Amino acid sequence: MDFGGLPQALGELAEERCQALFAQHTSNPAVLRLLGLSDFAYRILQRHPDWIEWLLDHEQMQQRACPAPLTEPLAELDEASCFRQLREYRQRYWLKLMWLDLVEGNSIADSIAYQSRLSETLIDWANRWAQANVAKSNGQVCDEHQTPVPMLVLGMGKLGGGELNFSSDIDLIFTYPLAKSTEGGRRSIEAQVFYTKVAQKLIAALDQCTADGQVFRVDMRLRPFGDSGPLVMSFAAMEDYYQDQGREWERYAMLKARLLGEENPYWDEFKTLIRPFVFRRYIDFSVIESLRKMKHMIAQEVRRKGLTNNIKLGAGGIREVEFIVQALQMIRGGREPELQTPSLLSALEQLQHLSLIPPEVGEVLSQQYLLLRRTEQYLQAFDDCQTQTLPDDELGQQRLAVLLECTQYSDVLAMLEQAQVAVRAEFTQVIGEEPELGEALAPEYVSAWEQRDISYLESPLPEAVSAAWQQSLEQFHLGLSKTQMGTRGRDVLDKLMPALLCEITRAPVAEILDRVLQVILKIASRTAYLELLFENRGALQQLIKLCAHSVWIAEQVARYPILLDELIDPAVLYRPLPLSAYYSEVQQYFLRIDSEDLELQMEALRQFKQTQALRIAAADATGVLDIMKVSDHLTALSEAIIAKAVDIAWQQMVRRYGVPEGADAEHKGFAVVAYGKAGGLELGYNSDLDLVFVHNRDGNSVTTGDKSISSRQFYLKLAQRLMHLFNTRTNSGILYELDTRLRPEGNSGLLAINIESFYQYQQEQAWTWEHQALVRSRMVLGEPELVTRFNEIRHEILCQHRDNSTLSKDIVEMREKMRGHLDKSTEVEFDLKQGVGGMTDIEFIAQYLVLNYAHAHPELARFPDNIRIFEMAHHAGVIDNATQSALTEAYCEFRDRYHLHSLNAGGRGVAMHEVAEWVDTVKVAWQRLLG
């Protein structure tokens, strides 16, 4: 006889049960299989034998509907009827789940998702009934529109993740949004009292054991203050609790939280309230230590209770997969909103999509997790027991072997062992044990830190280095004494500092310890950053390496600790984006930013700039990029940020005023002209941006919005918003120092003007120094017709015929005026930028060559950068080869030195004797060309 693939003993048990319940189905292998594999299914069918026909309806079994469990008007439904209907619903649909899992071999991912939806339906209807029941005598808490305000139910754990197992208890938290008294009842009560009554009835409806059994075991211990806390709390009280008293394990628990039932307007408010507690805006390595401790406690509990063969809590079990995924979610979730999901399987998919775990690792974790969850589902379906322990009885072992398609139980054990070994390997990679520093950290490093004495270090240090380090260590301890640190922070610092001393002694340099300690001091009160450096030795090594190369980098990281996140992956850190990729990258970066949250957008722009500038500086400091390419990258970065800032400002303006006539998002009619270093493709790390804004629309036309304004006003306001985006100081500083004084008529002129007005001004009113500035100008943002028109204007103005003596006189006078105000040179020190024979003199020479000779040699007006201007001037015969070479070499030398000084915060002064040869060369050229 076909027993549905069951071995003899199970087949006989199934046949006996089938004979007792439905003699007409004794030859049906599917029915036999169900009865042989599940005692729970047998008990349900004993009470409801007619349900077998429903199970045999293939169409019904393919549906995943979750119909309402309560059919009568809720306010009229008495407690006994409600309890009975909820329990019968659970039995009916859990019977269906067993049929799907045990008979049809349903996908475990589908089963746990369906089971979670069914459970949510039961909880939601129990909540509705409870509220309607309490409201009969007490009225409702209503909003300003007199709409009843429901109690929000938060599903935690696997319920929250939509991955509930067969016999799980449910972890719930209750909250409510409005602290108002009830209306419309025989007596009014406070919201806290009302919702507490609702919560009590809801729990009883689900948890109470009756003649019909129990719906769920309800666990409320995850709520604020645990068992000693109130059963339900207001939004405000929840926010206060999690801000002031929330613990690390509660962050971990809240990661799996999900609001249950029908969405209402209060859901977004609650999510906004709880998100900052769960997800940090920085990459958060503090979770590693917390999860490690939690896992250690679980392992102790497993040993204490003698839980052997436990596929959830044992090594390589379900819990370890959860820890791996949730650790990565909490570390990265603040920066990657895609990871802010309670679903483990969805999070695992996103981790692969974001390249945070390799695809092959994601595949291993997914496959092994689903195998373990499938096994857990079967174990619990046997008798509706919440167990994750492999069976030690022969009947249970036979059942599991059948369901896992193994010929014998030893094959089951081998399969599960293989899965758990694979999971354990990945768990060790992500969570691991506490970093093993023993071999690397000899007692000398611990002693040097604890005793505040560098002499404990056994590695021989030069006397100057030892003295500098001792002073730095003492200053650091003094700074720490003025810094507020928690116990955990001090514990982490005490582990981090010996590791730092160990790393830093490998290449002892006098200044390096002080630079690194300045960074550590800035983050000392931010335990998460200390843990990042302690948990990730590679990040610590990169910090030391970059601080050794550059004071500027050290200062940037100290000022903006979020940049520490970039040290985790050296492969990315030292590889700046291609020049053409900055705009697409900033667009990608902003996909995760709410387009209506201006504050967040401003922070995102600044963080994007700082991150990319750090990568450029890292490549620069380590010789991956030369100075010309560094300027190219910094300029390309600035142009991408300008473009994105214009997009943001445009969206704000359009929402308020509509668009100018004939304009749209792709054809704004607005352009940005860069002058100075940005225009000349020579931007440095701390350069400001000299910008001028123009448009090509009729200023008298009006915008399309309800609150329409003239196009002239629109573009003025657009420019003002750009100034706000750039110059406002946020937590991440300013974006760039934006200077618009080079616009027509300077500070008294309009911030944005029509491009034809710009042309007229350049023709009729501009001073010589303004035409000098035009030499180093480029349109960095604008539609093709605007770019073409600007290039025509620039070319025409620069190629005008000018009187040589007047031009020379104007340029010399302007240079002397500047030097009088700005030159910091002394008898022994030379100001690289403003000194006689310095960088600005060379720039003025280039501008003179263009303005004086472009009328005869238009090619001189082609490029905005000095190097190519000198090249064109030589080709045109305006200067000889020796002059071109001398000016180019001197300019490159000065730029290299100026750039190096910027990286090391050295100002712009150098010893006069070091650059005297180049200075003299420039002086000679100046004298020959400008007298």
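Within the same chain, aspartates and glutamates fewer than 8 places from Lys677 are excluded, and of the rest, those with a Cα less than 14 Å from its Cα are Asp632, Glu639, Asp688, Asp690, Glu737, Asp739, Glu843, Asp865.
Measure off, as a whole percent, the carbon and sulfur share of the 1.4 Å-probe accessible area of the chain, all protein chains present. It is 48 percent, rounded to a whole number.
Probing with 1.4 Å while keeping every protein chain in the model, the per residue accessible area of the range 744-851 equals 45 Å².
With a simple spin-label model that places each label point 7 Å from the Cα along the Cα-to-Cβ direction, the separation between His145 and Val193 comes to 2.9 nm.
For the residue pairs Lys136/Lys180; Lys644/Lys717; Lys609/Lys824; Lys158/Lys201; Lys629/Lys824; Lys136/Lys158, the alpha carbons lie more than 25 Å apart in Lys609/Lys824; Lys629/Lys824; Lys136/Lys158. If you count the DSSP beta bridges with both ends in the chain, what percent of them are antiparallel, to the nearest 5? In the chain, DSSP labels about 70 percent of beta bridges as antiparallel. A simple spin-label model places pseudo-atoms 7 Å from Cα toward Cβ; at His667 and Ala643 they are separated by 2.0 nm.
In a fully extended conformation the segment linking Asp698 and Leu900 would gain 68.0 nm over its present Cα-Cα distance, using 0.36 nm per residue. Stretching Cys209 away from Gln713 to a fully extended chain increases their span by 174.3 nm, per 0.36 nm per residue minus the current alpha-carbon distance. For Asp841, Asp110, the ranking by accessible surface with the largest value first comes to Asp110, Asp841, using a 1.4 Å probe.
Structure shown: which of Lys271/Lys668; Lys668/Lys707; Lys809/Lys833 lie over 29 Å apart, alpha-carbon to alpha-carbon?
Pairs exceeding the cut-off: Lys271/Lys668.
Enumerate by residue number the GluC sites (Glu not before Pro) in the range 94-173 meeting two conditions: DSSP loop (anything except H, G, I, E, B), and at most 10 other Cβ atoms within 10 Å of the site's Cβ. Here the GluC sites (Glu not before Pro) that fit, given the DSSP loop and packing criteria, are Glu144.
Here Glu349 and Glu783 are evaluated by their C-beta separation; at R0 = 35 Å the FRET efficiency comes out at 0.30. Within a straight-line Cα-Cα reach of under 15 Å, Lys482 can be paired with the following aspartates and glutamates, leaving aside sequence neighbours fewer than 8 residues apart in one chain: Glu474. Taking a point 7 angstrom from the Cα of Ile593 along the C-beta vector, which residues in the range 535-577 have backbone N less than 15 Å away? Backbone N within reach: none found. Think of the chain as having a plus end and a minus end, set by charges on the Cβ of Lys, Arg, Asp and Glu; of Phe590, Cys892, Ser701, Ser701 sits farthest toward the positive end of this dipole. Only one residue of Ser711, Ala41, Leu540 has its Cα farthest out toward the positive end of the dipole of the chain, where Lys and Arg carry +1 and Asp and Glu -1 on Cβ, and that residue is Ser711. Computed from the C-beta positions of Ser580 and Ser455 and an R0 of 51 Å, the FRET efficiency is 0.40 to the nearest 0.05. Taking the helices alone, the chain has a mean residue ellipticity at 222 nm of -18500 deg cm²/dmol, built from -39,500 (n - 2.57) per DSSP H run of at least 4 residues and averaged over all its residues. Straightening the chain between Gln800 and Glu745 buys 17.7 nm, computed as 0.36 nm per residue apart minus the Cα-Cα spacing. Between Arg862 and Lys809, the FRET efficiency estimated from the beta carbon spacing at R0 = 22 angstrom works out to 0.25. Note on Ala414 and Glu248: their simple-model spin labels are 4.1 nm apart, each label 7 Å out from Cα toward Cβ.
Measuring gaps between exposed loop sites in the chain (chymotrypsin sites (Phe, Trp or Tyr not before Pro); DSSP loop; at most 14 other Cβ atoms within 10 Å), the longest gap, sites not included, is 226-766. Using the Cβ of Leu461 as centre and a radius below 14 Å, the other residues enclosed give a net charge of -4, where K and R count +1 and D and E count -1. Per-residue SASA remark: Arg868, around 80 Å² accessible (1.4 Å probe; ligands, DNA and RNA not included).
The values are calculated or read from the model by the stated rules, or taken from the named source; none is laboratory data. What you see is a predicted model; the values in this text were computed from it and never measured. Cβ sites come from the backbone with ideal geometry, for glycine too, and all protein chains shown count toward neighbours. To get the accessible areas, we keep the full protein, side chains included, count just its heavy atoms, and leave off ligands, DNA and RNA. Shrake-Rupley method; radii C 1.70, N 1.55, O 1.52, S 1.80 Å.
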